[in-house]
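Enquirer: Structure in structure tokens, see below.
The values are calculated or read from the model by the stated rules, or taken from the named source; none is laboratory data. Fair warning: this is a prediction, and the values are worked out from it, not measured in the lab. Glycine gets a Cβ as well: all are built from the backbone with ideal geometry, and neighbour counts include every protein chain shown. All accessible areas refer to the heavy atoms of the entire protein, side chains included, with ligands and DNA or RNA removed. Shrake-Rupley method; radii C 1.70, N 1.55, O 1.52, S 1.80 Å.
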Amino acid sequence: MRKLMLALVAATLMLTACNNYGTKVQVTPTAEVYYKGEGVTEADAKKLGDFLVQQGYFDSTKETTVQLLKEADTYVVKMVIDEEEVAKDKDFYKRFFWYLQQPIAEGVFSGAKTKIVFANDQLKDLETLGGIAKAATHANNRVLYNPEGITESDAKNLDAYFVQTGFFTGAKPMDILLQKDKDEYSVRFLVDEAALNADKEEIVTFFRVYKYMIGQDVFKGQKTKAYLTSLELKDIEPVADLTAEEKAAVDEANGANAAVPTGNTAAGN
């Protein structure tokens with residue numbers, strides 16, 4: 001599993017005072033997991049803590065607290081955050097922790113529903129992140145989406161399109177993030193920044209064409225944004241629109257049954 005967590009240590013905090021936070025499991029000298037309520041056990045808390053150590057979220061550079069609860073069939077992971085630090089780049093932190101729900105669900109809770117909540121240093125809720133779901137023809141090629149804004153049909157159609165056009169082959173891990181704001185789709189391609197920079201003009205051109213085709217063929221002309229996003233989930237740059245002349249050329253090529261774009265060396269986890 002790809003290691004993501006080191007970039008986030010600056011956003012974490014430890015609780016400032018003792019209260020009824022549950023039973024504490026000291027994972028490392030600087031990291032602790034509290035578990036509380038029915039449906040969660042010390043073993044669950046230890047497994048979560050070990051996973052966060054493995055991923056680099058718990059390390060020795062900063063004191064960090066997480067609380068584990070369960071609501072019905074959903075595990076709730078409260079992350080105690082530094083509000084000032086998160087406010088510096090809130091879109092990134094929300095995207096990162098939203099994405100993190102999927103590996104925690106799979107790596108700790110055997111695929112059970114999992115949600116992450118931002119909390120302050122007294123474990124008061126600040127914000128609950130949206131849900132995450134996946135569409136995957138290949139086990140290691142996935143469209144990850146927020147089911148509160150994206151329909152399962154949209155996600156499956158996008159996944160099928162990636163397979164059809166050769167972008168998803170199953171040869172290497174690859175995640176695509178799909179979200180929607182009002183009537184506008186956002187597609188994030190996770191790319192290796194070093195590979196991108198090694199052949200940037202060609203790769204950017206590829207994604208400009210691909211973004212246009214996705215908007216036309218999958219989302220039927222609805223507004224579609226796309227981003228090249230690093231493997232650490234930082235946006236590198238938005239994918240620019242094609243010019244009118246470029247769109248006409250792509251439309252003409254597609255009308256002549258020309259080959260559609262296929263996978264590139266930059267994309268992938």
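Enquirer: Angle, helix 244-255 long axis vs. longest principal axis of the chain, Cα atoms, 0 to 90°, nearest 10?
Expert: 80 degrees
Enquirer: Please report, in whole Å³, the volume per residue of the convex hull around the C-alpha atoms of segment 38-180.
Expert: Hull volume normalised by residue count: 134 Å³.
Enquirer: Oh, and also: Counting only heavy atoms of the protein chains, get the accessible area per residue of the chain (1.4 Å probe) and round it to a whole Å² value.
Expert: For the chain, the solvent-accessible area averages 47 Å² per residue.
Enquirer: Which of the aspartates and glutamates could a cross-linker bridge to K156, judged by Cα under 17 Å and excluding same-chain residues fewer than eight apart?
Expert: Cross-link targets: E148, D175, D217.
Enquirer: Moving to a separate point now. Starting from the 7 Å offset along Cα-to-Cβ, what nm value, one decimal, do you get for the label separation of K62 and T151?
Expert: The answer from the label model is 4.1 nm.
Enquirer: Now for a different question. Do me a favour and compute the ellipsoid semi-axes for the chain from its Cα gyration tensor, root of five times each eigenvalue, largest one first, whole Å. Don't skip to the end; give the middle numbers.
Expert: Working: eigenvalues 294, 64, 52 Å².
They are 38, 18, 16 Å, listed largest first.
Enquirer: Of the listed pairs K134/K211; K94/K115; K124/K225; K36/K124; K24/K62, which have alpha-carbon separations greater than 24 Å here?
Expert: In this structure, K124/K225 lie more than 24 Å apart at Cα.
Enquirer: In segment 108-180, if the dipole is taken from +1 on Lys/Arg beta carbons and -1 on Asp/Glu beta carbons about the Cα centre, which of L158, H138, I116 is farthest to the positive end?
Expert: Value computed over the given set: H138.
Enquirer: Helix-only estimate, please: 222 nm mean residue ellipticity of the chain, summing -39500 (n - 2.57) across DSSP H runs of length 4 or more and dividing by its residues, to the nearest 500.
Expert: -10000 deg cm²/dmol
Enquirer: Give me the one-decimal nm value for the distance between modelled label points at T74 and N254, 7 Å along each residue's Cα-to-Cβ direction.
Expert: Computed distance between label sites T74 and N254 equals 3.6 nm.
Enquirer: Using a basic spin-label model with each label point 7 Å from the Cα along Cα→Cβ, how many nm lie between A240 and D82?
Expert: My value for the distance between the label points is 3.6 nm.
Enquirer: With +1 on each Lys and Arg Cβ and -1 on each Asp and Glu Cβ, how big is the dipole of the chain about its Cα centre, in debye rounded to the nearest 20?
Expert: With Lys and Arg at +1 and Asp and Glu at -1, about 560 debye.
Enquirer: Let me ask something additional. So how tilted is helix 42-54 from the main axis of the chain? Cα-based, degrees 0 to 90, rounded to 10.
Expert: Helix 42-54 and the main axis of the chain meet at about 50 degrees.
Enquirer: Helix 152-164 versus the longest principal axis of the chain: what is the Cα-based angle in degrees, 0 to 90, to the nearest 10?
Expert: That helix lies at roughly 50 degrees to the long axis.
Enquirer: Give me the number: length gained by fully extending D121 to A195, i.e. 0.36 nm times residue separation minus the C-alpha to C-alpha distance, one decimal in nm. It would help to have the intermediate numbers written out before the result.
Expert: Details: separation 74, 0.36 × 74 = 26.64 nm, distance 3.96 nm.
22.7 nm is the gain from fully extending D121 to A195.
Enquirer: With a 1.4 Å probe and every protein chain kept in, tell me what percent of the accessible surface of the chain is carbon plus sulfur.
Expert: Answer for the chain: carbon and sulfur cover 47 percent of the accessible area.
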